1. If you scan segment 211-235, which residues turn out to be in a loop (DSSP other than H, G, I, E, B) and more than 15 Å from SER169 (Cβ to Cβ)?
2. Condition test on ILE193, is it of a type in the set (Val, Ile, Thr), assigned to a strand (DSSP E or B), at pLDDT below 95 and more than 30 Å from GLU31 (Cα to Cα)?
3. Just the residues that are among the polar types (S, T, N, Q) and in a loop (DSSP other than H, G, I, E, B), please, taken from segment 151-181.
4. For segment 157-176, how many residues are more than 16 Å from ASP121 (Cα to Cα) and touching a helix residue (DSSP H, G or I) at 6+ places or on another chain (Cβ under 9 Å)?
5. When you scan segment 118-142, how many residues do you find that are farther than 19 Å from PHE35 by Cβ and among the charged types (D, E, K, R)?
6. If we keep just the residues of segment 135-152 that are among the β-branched types (Val, Ile, Thr) and either surrounded by 15 or more Cβ atoms within 10 Å (Cβ to Cβ) or touching a residue at least 24 places away in the same chain (Cβ under 8 Å) (or both), which is nearest to SER204 (Cα to Cα)?
7. Of everything in segment 28-72, what is closer than 22 Å to ASN172 by Cβ and part of a strand (DSSP E or B)? Give them in sequence order.
8. Which is aromatic (Phe, Trp, Tyr), on the phi < 0 side of the Ramachandran plot and surrounded by fewer than 14 Cβ atoms within 10 Å (Cβ to Cβ), of PHE201, PHE161, PHE168?
Amino acid sequence: MKHSYFFAILLLVFMNSCSTDDSNNDDQPSEKNYFPLENEAFWTYDVEGEFPGRDSLYVANDTTISGNSYKKLKTKELPFGFYTSSLAENSIRKSGDKVVVSGSTNVDLLEGFPISLDVSDFVLFKENASDGQQLSSIDGTFNYQYEEFPLTFNYTMQSVFQESLESFSVPNHDTYQDVKVIKIIVSLEITSIFSGGGIDFPISILNPQDVVVSTQYYAANIGMIYSTTDINYTLSSDEISVGIPSSGSQNIKEYLDTYSSQQ
């Protein structure tokens, strides 16, 4: 995949975890369409960042999961952006004024080490939310054997409704009316065990920290128009080498270029 080494964690945690919906009982009627899901709807995005490029995300077909009808999202080629990478090959549906995502994805956390996990109805968007309202929250743990080091990953992820805007001007691009802002925050901790003299010692590889903060802007009757994602981390242990750079920082911006729908 284009995002090799440690930054691939943004995909692993964002779309590949068993999720819970904190808003199952507060569905409200949707007044507008902030995520069009007609078959053959597609969006193209210009991506800026360490891996610049152009992504095409589209609604490919209908699918059914646990009795619920979803739309399958795909990209024409391997995606560059955080947003498109997170949604590609996953299934999405509307539930009242919410948009939820389900699916399963194989991801290279570290080069050559694929991981496959599931996601179930994570709330990506909610139209009638109040500023600062948490939409979904998940947490979990998984283990990973990297050479002689057993790594334990503890993660949390939440989606938060930020605000509603009458209009929003995408930096150096177009101005859109009636925009909703969503933030995705991923926190991560990594620990390991070091064995010496017949004794096992716990070691912190990555202290708990927000490694991904993605702010996404959705315009009525169009969908996601702009996303800016910060990925930052600093490892806490210099005692062992686990093949991960000691720190990293990256910003990924995705700008909507075109949107088309059969509606």
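The values are calculated or read from the model by the stated rules, or taken from the named source; none is laboratory data. A quick note: this is a predicted structure, and the numbers were derived from the prediction, not measured. Cβ placement follows ideal geometry from the backbone for every residue including glycine, while neighbour counts extend to all protein chains displayed.
1. ALA220, ASN221, LEU235, listed by residue number.
2. Values: of a type in the set (Val, Ile, Thr): yes; assigned to a strand (DSSP E or B): yes; at pLDDT below 95: yes; more than 30 Å from GLU31 (Cα to Cα): yes.
So ILE193 passes the test.
3. Scanning segment 151-181 gives a single hit, ASN172.
4. 0
5. Matching residues across segment 118-142 total 3.
6. Among them, the one singled out is THR152.
7. Residues satisfying the conditions are TRP43, THR44, TYR45, ASP46, VAL47, GLU48, GLY53, ARG54, ASP55, SER56, LEU57.
8. Result: PHE201 is the single residue among PHE201, PHE161, PHE168 that is aromatic (Phe, Trp, Tyr), on the phi < 0 side of the Ramachandran plot and surrounded by fewer than 14 Cβ atoms within 10 Å (Cβ to Cβ).
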